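In what follows, a single structure is set out as structure tokens and then discussed.
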Amino acid sequence: MAKEKPSNKELSEVLDIPEDIVAHIQDSGGYIPTGVAAQLLCINPQTLRNWGEKGGLVPDRILASGHRRYLLTTIADYIKKERVKEWEMERDY
């Protein structure tokens with residue numbers, strides 16, 4: 001079963017960025033560079049690269065130049081999963 005694509009409003013809420021920026025990114029293909037993805041995750045870009053190399057949060061696309069690109073939805077899904085983990089840990093505490 002195909003996964004339903006989240007709305008721009010949902011992405012905006014999860015990522016805590018304005019909906020018009022989400023719409024612009026989505027209209028441009030939905031891909032963001034490593035630095036932007038790292039900012040949204042509040043981590044260093046090198047940390048994100050390391051995660052990808054270790055099989056964690058891998059880029060959705062790697063350009064011929066070697067630059068990594070992540071779908072905005074991939075980053076939002078990761079953030080949602082991490083929030084669920086935090087809530088479960090708090091609940092079990």
Exercise for the section: Could you list, in sequence order, all residues of region 79-93 that are open to solvent by 60 Å² or more (accessible area, probe 1.4 Å) and assigned to a helix (DSSP H, G or I)? Expected result: Lys80, Lys81, Arg83, Val84, Lys85, Glu86, Trp87, Glu88, Met89, Glu90, Arg91, Asp92
Handout entry: Test: residue in region 23-45 that is in a loop (DSSP other than H, G, I, E, B) and in contact (Cβ under 8 Å) with a residue 40 or more places away in the chain
Key = yes
Practice task
State all residues of region 48-72 that are open to solvent by less than 90 Å² (accessible area, probe 1.4 Å), out of contact with any helix residue (DSSP H, G or I) (no Cβ under 7 Å at 6 or more places or on another chain) and either not small (Gly, Ala, Ser) or not in a helix (DSSP H, G or I) (or both); if no residue qualifies, say none.
Solution key: Asn50, Trp51, Gly55, Gly56, Leu63, Ser65, Gly66, Arg69, Leu71
Handout entry: Residues of region 4-36 classified as open to solvent by 100 Å² or more (accessible area, probe 1.4 Å) and within 18 Å of Glu82 (Cβ to Cβ), total
Key = 2
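The values are calculated or read from the model by the stated rules, or taken from the named source; none is laboratory data. Not measured: the values here are computed from a predicted model. Positions of Cβ are generated from backbone atoms using ideal geometry, with glycine treated the same way; all protein chains shown enter the neighbour counts. Ligands, DNA and RNA are stripped out before the accessible areas are found, and what is left, the full protein with its side chains, is counted by its heavy atoms. Shrake-Rupley method; radii C 1.70, N 1.55, O 1.52, S 1.80 Å.
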